[in-house]
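Below: one structure, written as structure tokens.
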Amino acid sequence: MAIKFRKKMDNDFDSGNIFWVTMSDLMLGLAIVFITLFVLAMTGFTQQTMQQQKVKMDVAKEISQELKKHNIDVKIDNMTGDLIIPSTALFEVNSYILTPSGKALLSKLAPIYVNTLFKKKELINDVESILIQGHTDSQTFAGVNSVDEQFVRNMDLSLKRANSVASYILQTDYDKSNSQALRKMIVVEGKSFNEPIIVDGHEDYAKSRRVELKIKVKDWSVASMFGLTK
């Protein structure tokens, strides 16, 4: 009886070993799969980020060349394609109504900017929004003593200026086959005096007053790479 019992225990022990070895193999396999997916995801992220950056630089270069060709004097960031328009080129002081010269500028500038973006399919498919930001300087309005009130007044002005630019861009002669997509991408934002332009340690009031057009690409994640997001 003892021999039979010992044999039975040995069989049970061996069966347990098989079970744990199987579980260990499974966990190791899952770990290898996870590491592989992680490496692929990180590699994909790097490649996609570099590709997006390259395309944005190409777009910036092309827009810059077209602007120069049409004698449009505005600043464009050669790395990001962000376009910076001085407020003096668009509005009177403390006004959000586009001047005739401001409308003329946007009439030439907007079609170049929009059409160039949409021509680059490898970029536009990844664009989440075209952000139009209004910025003011930190100078005070007459009769307003509270910093908070100054901020709110400037926020209102910067937002209205950005909205005026967005509204007029949609009226310009860009390729209207892209109008629906463009409307979905446009985001208007007022920054008040939160992002002043500092020169030699001091705010440059003239440069701080501006409207910026920025390209924001879609957020990228491991989940999106494997189609796990909506």
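The values are calculated or read from the model by the stated rules, or taken from the named source; none is laboratory data. No experiment lies behind these values; they were computed from the predicted model shown. Ideal geometry is used to build each Cβ from the backbone, glycine not excepted, and the neighbour counts take in all protein chains shown.
Would you please name the residue that is nearest to Ala110 (Cα to Cα), looking only at residues in segment 159-181 that are surrounded by fewer than 17 Cβ atoms within 10 Å (Cβ to Cβ) and among the hydrophobic types (A, V, I, L, M, F, W, C)?
Among those residues, the one meeting the criterion is Leu170.
Which one of these is free of Cβ contacts under 8 Å to residues at least 24 places away in the same chain and either in the same structural domain as Arg161 (by TED's automatic domain parsing) or over 22 Å from Val188 (Cβ atoms) (or both): Glu66, Glu122, Glu92, Glu128?
Values: Glu66 fails: free of Cβ contacts under 8 Å to residues at least 24 places away in the same chain; Glu122 fails: free of Cβ contacts under 8 Å to residues at least 24 places away in the same chain; Glu128 fails: free of Cβ contacts under 8 Å to residues at least 24 places away in the same chain.
The match here is Glu92.
Go over the candidates Leu90, Leu106 one by one and state the one that is of a type outside the set (S, T, N, Q), within 26 Å of Val152 (Cβ to Cβ) and touching a Ser or Thr at 6+ places or on another chain (Cβ under 8 Å). Show your work before the answer.
Working: Leu106 fails: within 26 Å of Val152 (Cβ to Cβ).
Going through Leu90, Leu106 in turn, the sole match is Leu90.
Name the single residue that is nearest to Leu123 (Cα to Cα) among those in segment 138-158 being out of contact with any His (no Cβ under 8 Å at 6 or more places or on another chain) and surrounded by 19 or more Cβ atoms within 10 Å (Cβ to Cβ).
Applying the first criterion (out of contact with any His (no Cβ under 8 Å at 6 or more places or on another chain)) to segment 138-158 yields 138-157.
From what's left, surrounded by 19 or more Cβ atoms within 10 Å (Cβ to Cβ): 154, 157.
Working: Asn154: 33, Leu157: 32 Å.
Among residues in segment 138-158 that are out of contact with any His (no Cβ under 8 Å at 6 or more places or on another chain) and surrounded by 19 or more Cβ atoms within 10 Å (Cβ to Cβ), the one nearest to Leu123 (Cα to Cα) is Leu157.
Would you be able to tell me the number of residues in segment 174-194 that are of a type outside the set (Val, Ile, Thr) and either assigned to a strand (DSSP E or B) or touching a strand residue (DSSP E or B) at 6+ places or on another chain (Cβ under 6 Å) (or both)? Break it down stepwise before answering.
Here is the first cut: in segment 174-194, the residues of a type outside the set (Val, Ile, Thr) are 174-185, 189-194.
Within this subset, residues satisfying the condition of being either assigned to a strand (DSSP E or B) or touching a strand residue (DSSP E or B) at 6+ places or on another chain (Cβ under 6 Å) (or both) are 185, 189-191.
The number of residues fulfilling the criteria is 4.
Out of segment 55-81, which residues are surrounded by 12 or more Cβ atoms within 10 Å (Cβ to Cβ) and among the basic types (Lys, Arg)?
Lys56, Lys61, Lys75
Among the residues of segment 131-173, which ones are part of a loop (DSSP other than H, G, I, E, B) and in contact (Cβ under 8 Å) with a residue 12 or more places away in the chain?
Looking only at segment 131-173, we keep the residues that are part of a loop (DSSP other than H, G, I, E, B), and these are 136-146, 170-173.
Those that are part of a loop (DSSP other than H, G, I, E, B) and in contact (Cβ under 8 Å) with a residue 12 or more places away in the chain: Thr136, Asp137, Ser138, Gln139, Phe141, Leu170, Thr172, Asp173.
Pairs, please: C-beta under 8 Å, at least 6 apart or cross-chain, first residue free of Cβ contacts under 8 Å to residues at least 24 places away in the same chain and in segment 181-197, second assigned to a helix (DSSP H, G or I)?
Taking only residues 6 or more apart or on different chains, the pairs are Ile197/Lys207; Ile197/Ser208.
Looking only at segment 146-157, decide whether some residue is closer than 21 Å to Ile186 by Cα and out of contact with any Phe, Trp or Tyr (no Cβ under 8 Å at 6 or more places or on another chain). Break it down stepwise before answering.
Of all residues in segment 146-157, those closer than 21 Å to Ile186 by Cα come to 155-157.
Next, only the ones that are out of contact with any Phe, Trp or Tyr (no Cβ under 8 Å at 6 or more places or on another chain) stay: 155-156.
Scanning segment 146-157, I find at least one residue that is closer than 21 Å to Ile186 by Cα and out of contact with any Phe, Trp or Tyr (no Cβ under 8 Å at 6 or more places or on another chain), so the answer is yes.
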